[in-house]
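Peer 1: Below is one structure. I have some questions about it.
The values are calculated or read from the model by the stated rules, or taken from the named source; none is laboratory data. Just so we're clear, the structure is a prediction, and the values are computed from it rather than from any experiment. For neighbour counting, all protein chains shown are included, and Cβ atoms are generated from backbone atoms with ideal geometry for every residue, glycine included. Protein only, heavy atoms only, side chains kept; ligands, DNA and RNA dropped before computing areas. Shrake-Rupley method; radii C 1.70, N 1.55, O 1.52, S 1.80 Å.
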Amino acid sequence: MANLSKEKVRMPEQPPLLRARNFEEVALGYTPSQAMEEAERCLQCRHKPCVNGCPVEVPIPGFIQAIAAGDFEAAYRTITTENSLPAICGRVCPQESQCEGVCVRGKKGEPVAIGRLERFAADYALQSGLAGAEKPLTNGRKIAVVGGGPAGLSCAGDLAKLGYEVTIFEALHAAGGVLTYGIPEFRLPKSLVEEEIAKITELGVTIHKNVVVGRSITVDELFEEGFEAVFVGSGAGLPRFMGIEGENLNGVYSANEFLTRVNLMRAYEYPRNPTPVKTGKRVAVVGGGNVAMDAARTALRLGAEEVSIVYRRGMEELPARAEEIHHAQEEGIHFRLLNNPKRILGDGVWVTGMECVEMELGEPDASGRRSPREKAGSEFVLELDTVIIAIGQSPNPLIRQTTPGLSVQRWGGIVVEESTMETSKAGVYAGGDAVTGAATVILAMGAGKKAAKAIHESLSGASVEAE
Ligand code: FAD
Ligand code: SF4
Ligand code: SF4
């Protein structure tokens with residue numbers, strides 16, 4: 001019988017004060033009966049607005065109907081027709097502005113918990129050892145993918161399913177991109193990312209790690225080695241800084257460096273293992289996006305006593321996922337909103353504090369956001385041991401510097417034809433953060449899928465739907 005409750009079935013979570021001191025996953029996932037109860041809230045709308053809200057068009061009503069019927073394997077198989085990393089997307093997609101943002105149930109109450117149900121079906125498949133898609137017969141045609149993040153993985157997975165021999169070249173010693181070295185363990189367990197990547201390599205995709213394209217081999221050399229097309233999914237890993245006094249002091253990190261150290265040096269095993277990443281007692285994180293929330297919550301788990309988010313706009317303008325903001329607040333992160341750093345203070349070597357100024361919001365700017373301006377005479381000093389800067393990232397210039405004929409925007413994003421993700425250089429496609437700047441996992445995956453389809457159509461002359 002339909003579930004008419006206006007609220008989502010609650011998902012169990014670790015209590016805030018307990019989880020603020022460990023790196024285990026915050027949200028614990030639905031049990032089968034909770035998932036079936038939530039699935040009954042779906043109205044099976046004929047026009048499926050939720051599907052249009054998902055950048056990769058997961059067949060949402062279909063998989064939810066299968067969960068309601070207790071057929072969890074069918075639910076998983078339905079999701080994976082369009083999404084090759086469902087356990088990840090169910091956890092980190094900003095559902096409120098995508099699939100759930102347009103769910104009809106959201107008009108009078110909470111939308112159906114599409115993300116939680118997707119996570120449930122994917123976790124069921126991983127826990128019960130369901131095999132992924134079958135490895136197809138190879139067509140002998142070689143494609144290279146630069147970068148093993150969500151854009152590269154989804155492009156590689158889709159091409160492998162069509163029979164191509166795909167090789168991913170990844171700069172670091174682990175694939176996954178930001179999923180592996182950015183998003184923290186307590187939001188996205190690394191073992192789960194490894195299992196999802198294994199499903200892609202089981203399709204026949206090869207991953208060459210520790211290969212920096214542009215240094216170890218160039219894009220042109222990949223063509224000389226017989227690759228017929230190259231997809232660039234190299235992300236946006238170059239951190240931005242504020243350009244203020246004191247940014248070179250010890251104790252000032254970019255959020256990228258801080259989170260990468262924690263993830264790749266397994267500092268998340270703290271306090272079981274001594275951590276090489278020290279935060280001191282008082283930490284300020286500058287910025288208001290997902291990266292800032294992750295850095296702040298990670299600092300708390302590494303033993304910091306007082307952690308603040310310093311953001312120059314207000315609560316409504318915070319760009320992070322609603323759930324992350326809520327979790328950060330519950331865990332005791334202090335939000336210093338309408339505050340902006342002016343300079344970082346130190347003793348000549350280490351950080352000792354940060355001078356900030358209060359802000360007020362003026363008229364909306366061209367983007368529709370109200371622009372902040374300083375309140376005269378409102379400067380104050382925060383005493384600090386660590387400052388983490390999370391104000392955005394840009395694409396690394398290496399690929400564009402070593403690939404003649406590749407057009408880029410002034411800020412470094414690779415220029416593509418939107419319908420195919422083809423770049424200005426023949427045979428080279430690009431997608432994900434390398435094209436858009438820092439965005440989301442699912443948009444990167446959507447771009448990878450689109451490029452895979454276009455590469456196949458260009459190389460075979462066939463349309464993907466027609467097969
Ligand atoms: P990436 O994930 O950056 O992967 C690019 C890969 O290319 C990397 O592995 C890199 O090592 C490799 N590479 C780079 N240059 C080269 C080269 N020259 N040769 C070989 N390999 C190379 N999005 C969400 O949807 N939800 C969230 O909750 C969320 N939280 C986030 C938290 C953090 C801390 C960060 C940093 C980002 C977050 N994002 C989130 C954004 C999301 O992770 C990115 O938009 C997404 O990972 C982009 O995917 P990508 O494949 O384009 O790039
Ligand atoms: Fe929603 Fe993301 Fe799943 Fe699409 S992939 S249905 S946007 S949670
Ligand atoms: Fe179900 Fe919401 Fe999609 Fe309608 S819009 S089919 S209620 S998930």
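Peer 1: Report yes if Glu82 is open to solvent by 40 Å² or more (accessible area, probe 1.4 Å), on the phi > 0 side of the Ramachandran plot and near ligand 2 (Cβ under 9 Å from one of its atoms), otherwise no.
Peer 2: On the way: open to solvent by 40 Å² or more (accessible area, probe 1.4 Å): yes; on the phi > 0 side of the Ramachandran plot: no; near ligand 2 (Cβ under 9 Å from one of its atoms): yes.
So Glu82 does not fit the description; no.
Peer 1: Keeping to segment 163-174, report how many residues are buried (at least 22 other Cβ atoms within 10 Å of the Cβ) and either at pLDDT below 95 or in a strand (DSSP E or B) (or both). Write out each step before concluding.
Peer 2: Of all residues in segment 163-174, those buried (at least 22 other Cβ atoms within 10 Å of the Cβ) come to 164, 166, 168-170.
Of the ones still in play, those that are also either at pLDDT below 95 or in a strand (DSSP E or B) (or both) are 166, 168-169.
Of the residues in that region, 3 qualify.
Peer 1: Give all pairs with beta carbons closer than 6 Å in which a residue from segment 335-359 that is farther than 18 Å from Glu306 by Cα and basic (Lys, Arg) meets a residue that is open to solvent by less than 60 Å² (accessible area, probe 1.4 Å) and not in a strand (DSSP E or B); count only pairs at least 6 apart in sequence or on separate chains.
Peer 2: Once the first residue is farther than 18 Å from Glu306 by Cα and basic (Lys, Arg) and sits in segment 335-359, its partners that are open to solvent by less than 60 Å² (accessible area, probe 1.4 Å) and not in a strand (DSSP E or B) give Arg343/Ile244; Arg343/Gly246.
Peer 1: Consider Arg119 carefully, then state whether it is touching a strand residue (DSSP E or B) at 6+ places or on another chain (Cβ under 9 Å), within 16 Å of ligand 3 (Cβ to nearest atom) and touching a residue at least 60 places away in the same chain (Cβ under 8 Å). Give the steps one after another, and end with the answer.
Peer 2: Values: touching a strand residue (DSSP E or B) at 6+ places or on another chain (Cβ under 9 Å): yes; within 16 Å of ligand 3 (Cβ to nearest atom): yes; touching a residue at least 60 places away in the same chain (Cβ under 8 Å): yes.
So Arg119 passes the test.
Peer 1: I want to confirm something. Restricting to segment 53-65 and keeping residues that are within 14 Å of Glu40 (Cβ to Cβ) and surrounded by fewer than 22 Cβ atoms within 10 Å (Cβ to Cβ), which single residue is farthest from ligand 3 (Cβ to nearest atom)?
Peer 2: Filtering segment 53-65 for residues that are within 14 Å of Glu40 (Cβ to Cβ) and surrounded by fewer than 22 Cβ atoms within 10 Å (Cβ to Cβ), the one farthest from ligand 3 (Cβ to nearest atom) comes out as Gln65.
Peer 1: Next up: Checking Ala198 against (1) assigned to a loop (DSSP other than H, G, I, E, B); (2) more than 22 Å from Met421 (Cα to Cα), which single condition isn't satisfied?
Peer 2: Result: Ala198 fails condition (1) only.
Peer 1: Looking at Glu134, Glu185, Glu110, Glu118 in this structure, which one is under 25 Å from Cys42 (Cβ atoms) and not in a helix (DSSP H, G or I)? Quick ask: steps written out before the conclusion?
Peer 2: Working: Glu134 fails: under 25 Å from Cys42 (Cβ atoms); Glu185 fails: under 25 Å from Cys42 (Cβ atoms); Glu118 fails: not in a helix (DSSP H, G or I).
Residue meeting the stated conditions: Glu110.
Peer 1: Give the number of residues within segment 360-405 that are β-branched (Val, Ile, Thr) and open to solvent by 20 Å² or more (accessible area, probe 1.4 Å). Talk me through it step by step, then tell me what you get.
Peer 2: Just the residues of segment 360-405 that are β-branched (Val, Ile, Thr), to begin with: 381, 386-389, 391, 399, 402-403.
Within this subset, residues satisfying the condition of being open to solvent by 20 Å² or more (accessible area, probe 1.4 Å) are 381, 391, 402.
Qualifying residue count, segment 360-405: 3.
Peer 1: Restricted to segment 291-306, and to residues that are assigned to a loop (DSSP other than H, G, I, E, B) and of a type in the set (A, V, I, L, M, F, W, C), which residue is surrounded by the fewest Cβ atoms within 10 Å (Cβ to Cβ)? So that I can check it myself, show each step before the final result.
Peer 2: Initially, segment 291-306 is screened for residues assigned to a loop (DSSP other than H, G, I, E, B), giving 302-305.
From what's left, of a type in the set (A, V, I, L, M, F, W, C): 302, 304.
Numbers: Leu302: 22, Ala304: 18.
The residue in question is Ala304.
Peer 1: Further question on the same structure: Of Ala122, Ala87, which residue is open to solvent by less than 40 Å² (accessible area, probe 1.4 Å), within 16 Å of ligand 1 (Cβ to nearest atom) and closer than 18 Å to Gly446 by Cα?
Peer 2: Working: Ala122 fails: closer than 18 Å to Gly446 by Cα.
Exactly one of Ala122, Ala87 is open to solvent by less than 40 Å² (accessible area, probe 1.4 Å), within 16 Å of ligand 1 (Cβ to nearest atom) and closer than 18 Å to Gly446 by Cα, namely Ala87.
Peer 1: Follow-up question, since we're still on this one. Give Asn256, Asn248, Asn263 a once-over and let me know the one that is assigned to a loop (DSSP other than H, G, I, E, B) and either at pLDDT below 95 or farther than 13 Å from Val307 by Cβ (or both).
Peer 2: Details: Asn256 fails: assigned to a loop (DSSP other than H, G, I, E, B); Asn263 fails: assigned to a loop (DSSP other than H, G, I, E, B).
Going through Asn256, Asn248, Asn263 in turn, the sole match is Asn248.
Peer 1: Among the candidates Ala454, Ala439, Ala426, which residue alone is of a type in the set (A, V, I, L, M) and either surrounded by 24 or more Cβ atoms within 10 Å (Cβ to Cβ) or under 30 Å from Leu337 (Cα atoms) (or both)? Write out each step before concluding.
Peer 2: Values: Ala454 fails: either surrounded by 24 or more Cβ atoms within 10 Å (Cβ to Cβ) or under 30 Å from Leu337 (Cα atoms) (or both); Ala426 fails: either surrounded by 24 or more Cβ atoms within 10 Å (Cβ to Cβ) or under 30 Å from Leu337 (Cα atoms) (or both).
Result: Ala439 is the single residue among Ala454, Ala439, Ala426 that is of a type in the set (A, V, I, L, M) and either surrounded by 24 or more Cβ atoms within 10 Å (Cβ to Cβ) or under 30 Å from Leu337 (Cα atoms) (or both).
Peer 1: Sticking with this structure for a sec: Every residue in segment 60-74 that is touching a residue at least 12 places away in the same chain (Cβ under 8 Å), in a helix (DSSP H, G or I) and either of a type outside the set (Phe, Trp, Tyr) or within 17 Å of Arg105 (Cβ to Cβ) (or both), please. If you could, list the steps in order and put the result at the bottom.
Peer 2: The first filter runs over segment 60-74 and keeps only residues touching a residue at least 12 places away in the same chain (Cβ under 8 Å), leaving 60-68, 70, 72-73.
Right, trim to in a helix (DSSP H, G or I) and you get 60-68, 72-73.
Passing the criteria: Ile60, Pro61, Gly62, Phe63, Ile64, Gln65, Ala66, Ile67, Ala68, Glu73.
Peer 1: May I pose another question? Do we have any residue at all in segment 152-160 that's open to solvent by 10 Å² or more (accessible area, probe 1.4 Å) and either in contact with a His (Cβ under 7 Å, 6 or more places away or on another chain) or closer than 16 Å to Leu85 by Cα (or both)?
Peer 2: Initial filter on segment 152-160 (open to solvent by 10 Å² or more (accessible area, probe 1.4 Å)): 158.
With either in contact with a His (Cβ under 7 Å, 6 or more places away or on another chain) or closer than 16 Å to Leu85 by Cα (or both) added as a condition, the list becomes 158.
Yes, segment 152-160 has at least one match.
Peer 1: If I ask for residues that are without any contact (Cβ under 8 Å) to a residue 60 or more places away in the chain and within 11 Å of ligand 3 (Cβ to nearest atom), which ones from segment 75-110 would you list?
Peer 2: Selection gives Gln95, Cys99, Glu100, Gly101, Val102, Cys103, Gly106, Lys107.
Peer 1: Go through (1) in a loop (DSSP other than H, G, I, E, B); (2) farther than 19 Å from Ala236 by Cα for Gly412 and report which single condition fails.
Peer 2: Unmet condition: (2).
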